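Values quoted throughout were computed directly from the atomic coordinates according to the rules given, and no laboratory measurement underlies them. As the structure is a prediction and not an experimental result, all values here were calculated from the model. Methodologically, a virtual Cβ is constructed for each residue, glycine included, from the backbone with ideal geometry; neighbour enumeration extends over all protein chains shown.
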Amino acid sequence: MRMVLDAASGVSRAGALGALLLGAALAGPAAAQSASGYSFASPPSAEANRVYGVSRATGEMSVCQFERPAGSFAGITRCFAQGDGAGAQKAGNYDLVPTRFAGETGIFRVNHDTGEMSICYVRDAPQASGKTDPIILCTPPAK
């Protein structure tokens, strides 16, 4: 590595870069889990082919799964519409926590700032046409 000395401070660029990288490494996951962006997790059920997502700032939920339509060579990513409680919540620092219950297909949305949590899950919702469509629902936050 070629070292270049900053004449004003006497600090090499390589040294400054090394210090910056060391600081980032020491900050680790805590820095990566700031209240911006998204967190993703899957439920513990071996039968669930889903990944849940949450906006860390707003608590807004999403959930998608892999499907391969009958007779199709390629699969698709199917995401579900939001139902009650799955939209944006009060501003906070949200994350997803799966349980260890093997049959569980839902996931907990937790707010690290308030200690509140709710369970989010997919349910078939009746439509006006008489058919049902799966949507993501979340219980009201509680602690």
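Highest mean packing comes first when the peptides 73-84, 113-124 are listed by Cβ atoms within 10 Å, giving 113-124, 73-84. The charge dipole of the range 43-102, taken about its Cα centre with unit charges on the Cβ of Lys, Arg, Asp and Glu (plus for the first two, minus for the last two), comes to roughly 80 debye.
The local environment of ARG50, defined by Cβ-Cβ distances under 14 Å, has a net charge of -1 under the rule Lys, Arg +1 and Asp, Glu -1.
Can you give the net charge of the other residues whose Cβ lies under 12 Å from the Cβ of GLY92, counting K and R as +1 and D and E as -1? Display every interim value, and only then the final one.
Details: positive: ARG56, LYS90, ARG109; negative: GLU60, ASP95, ASP113, GLU116.
Residues close to GLY92 contribute a combined charge of -1.
Find out how many positive minus negative residues lie around CYS79, taking Lys and Arg as positive, Asp and Glu as negative, among other residues whose Cβ is under 14 Å from that of CYS79. Summing Lys and Arg as +1 and Asp and Glu as -1 gives -1. By definition, a body whose alpha carbon gyration tensor gives a ≥ b ≥ c is oblate when a/c is 1.5 or more and a/b is not larger than b/c, and the range 81-143 fits this oblate description.
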